[in-house]
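Just below is one structure, and these are the notes that go with it.
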Amino acid sequence: MTAPVLEFAGVTAGYGRTTVLRDVSFAVAPGTVTAMLGANGAGKTTVLRTASGLVRPTSGEVRIAGTVANRRAPNQRAKDGFCLIPEGRGVFRSLSVRDNLRLQVPPWRRGEAVDEAVEAFPVLGERITQIAGTMSGGQQQMLALARAYLSKPSIVALDEVSMGLAPKIVDEIFASLRTLASAGIALLIVEQYVQRALDLADQVVLMDHGSTSYVGSASDLDEAELMRTYLGVS
Ligand code: ATP
């Protein structure tokens, strides 16, 4: 069996003396979509930061492609195939769309990179010379996804990609997420639009006060359990 692209095994982590995550365990299989859901402050962003190496576990293991990554720096984890798109995107705002795309790949791939990205994300074709920082939030998000697509990671983790965007743009973003998924890239998404996330997801990880309250298939998720976690109703 192929190793999970990302695995948390009993991970406890936090900031300084504050423990945020307690004994978090889940695995993301290659090419699958995991939605991480939970109330504000449940620890979802901290899971992504721990996966990417910005936060180090105090116990337990983070594994990327089957190898323990606890001591690997964020840039090393990127080379191992883990790509994080943080809340607030991750594009070079002062560069054109074209240069954002070209800089994502080694020099020998630069010629074809722009065509490849535009084929998968046609919206960018009309804006290829535009300075990224002058585009709308949704367009910048699309560019961030196209950059991730070009770097061919084994997993892309996304934090609140549709935050503050109009519903029509959110539809486009989700269509782009499907493009990434059908290219065989696993996704770990933190998303405020629960139903949209569930429609895309194979697996759900439900976070509640820094621990997982459910790890399992999206179709088996009990709606009452979901509501309890979100609303804090017991
Ligand atoms: P939201 O949906 O509101 O972004 P979240 O589920 O992503 O929430 P986190 O951002 O991971 O939750 O925060 C979990 C807990 O960690 C919160 O209690 C938060 O106050 C705390 N926390 C987050 N960042 C820091 C930090 N840099 N220093 C100390 N505590 C932090």
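The values are calculated or read from the model by the stated rules, or taken from the named source; none is laboratory data. Model, not experiment: these values are computed from the prediction. Because the Cβ atoms are built from the backbone with ideal geometry, glycine has one as well, and the counts that use them run over all protein chains shown. SASA here: full protein model, heavy atoms, side chains in, ligands and nucleic acids out. Shrake-Rupley method; radii C 1.70, N 1.55, O 1.52, S 1.80 Å.
Got a number for the accessible area of ASP222? Probe 1.4 Å, square angstrom, nearest 10.
Accessible surface of ASP222 is approximately 80 Å².
What accessible surface, in Å², does a 1.4 Å probe find on TYR15, ignoring ligands, DNA and RNA and rounding to the nearest 10?
Surface open to solvent at TYR15 totals about 90 Å².
Out of the total accessible area of the chain (probe 1.4 Å, heavy atoms of protein only), what percent is carbon and sulfur?
Of all accessible area on the chain, carbon and sulfur atoms account for 50 percent.
Modelling each spin label as a point 7 Å along the Cα-to-Cβ direction, I'd like the SER59/THR179 distance in nm, to one decimal.
Here the modelled spin labels are 4.5 nm apart.
Nearest 20 debye, what's the magnitude of the dipole of the chain about its Cα centre given +1 on Lys and Arg Cβ and -1 on Asp and Glu Cβ?
1040
Before anything else, pin down the relative contact order of the range 123-177: Cα pairs under 8 Å, at least 6 apart, normalised by residue count, whole percent.
The normalised contact order for the range 123-177 reaches 40 percent.
Heavy atoms only, probe 1.4 angstrom, no DNA, RNA or ligands counted: give me LYS168, LYS79 ranked by accessible area, highest first.
LYS79, LYS168
Taking only protein heavy atoms and a 1.4 Å probe, what accessible area per residue, in Å², does the range 1-124 have with all protein chains in place?
About 50 Å² of surface per residue is accessible.
Using the basic label-point model (7 angstrom from Cα toward the beta carbon), what is the SER96 to THR134 distance in nanometres?
1.2
Give me the percent of DSSP beta bridges within the range 64-196 that run antiparallel, rounded to the nearest 5.
Of those bridges, close to 20 percent are antiparallel.
If the cut-off is a Cα-Cα distance under 27 Å, which lysines reach LYS79, setting aside same-chain residues fewer than 8 apart in sequence?
Within reach: LYS44, LYS152.
Does the range 11-58 come out rounded, prolate or oblate by the C-alpha gyration tensor, with a ≥ b ≥ c the root eigenvalues, rounded set by a/c under 1.5 and, if not, prolate when a/b is larger than b/c and oblate if not?
prolate
Suppose every K and R has +1 on its Cβ and every D and E has -1 on its Cβ; what is the size of the dipole of the range 24-99 about the Cα centre, in Debye to the nearest 20?
Using Cβ point charges on Lys, Arg, Asp and Glu, the range 24-99 gives about 180 debye.
At a temperature of 20 °C and a viscosity of 1.002 mPa s, determine how fast the chain diffuses translationally according to Stokes-Einstein, using the Kirkwood radius over alpha-carbon pairs as Rh; express D in µm²/s, rounded to the nearest whole number.
Once the numbers are plugged in, D ends up at 118 µm²/s.
From the helices alone, meaning DSSP H stretches of at least four residues, give me the mean residue ellipticity at 222 nm for the chain, per-run term -39500 (n - 2.57), in deg cm²/dmol to the nearest 500.
-9500 deg cm²/dmol
Give me the accessible area per residue for the range 164-227, probe 1.4 Å, as a whole number in Å².
45
Give me the distance between the Cα centres of the range 30-65 and the range 68-87, rounded to whole Å.
Between the Cα centres of the range 30-65 and the range 68-87 lies a distance of 11 Å.
Could you tell me the relative contact order of the range 83-234? Use alpha-carbon pairs under 8 Å, at least six residues apart, and round to a whole percent.
Relative contact order, the range 83-234: 21 percent.
Could you work out which residue, out of PRO122, PRO30, PRO153, moves most in a Gaussian network model of the chain, that is, has the largest mean-square fluctuation with Cα springs under 10 Å?
Greatest mean-square fluctuation among the candidates belongs to PRO122.
I'd like the accessible area for SER217: 1.4 Å probe, protein heavy atoms, all chains in place, Å² to the nearest 10.
40
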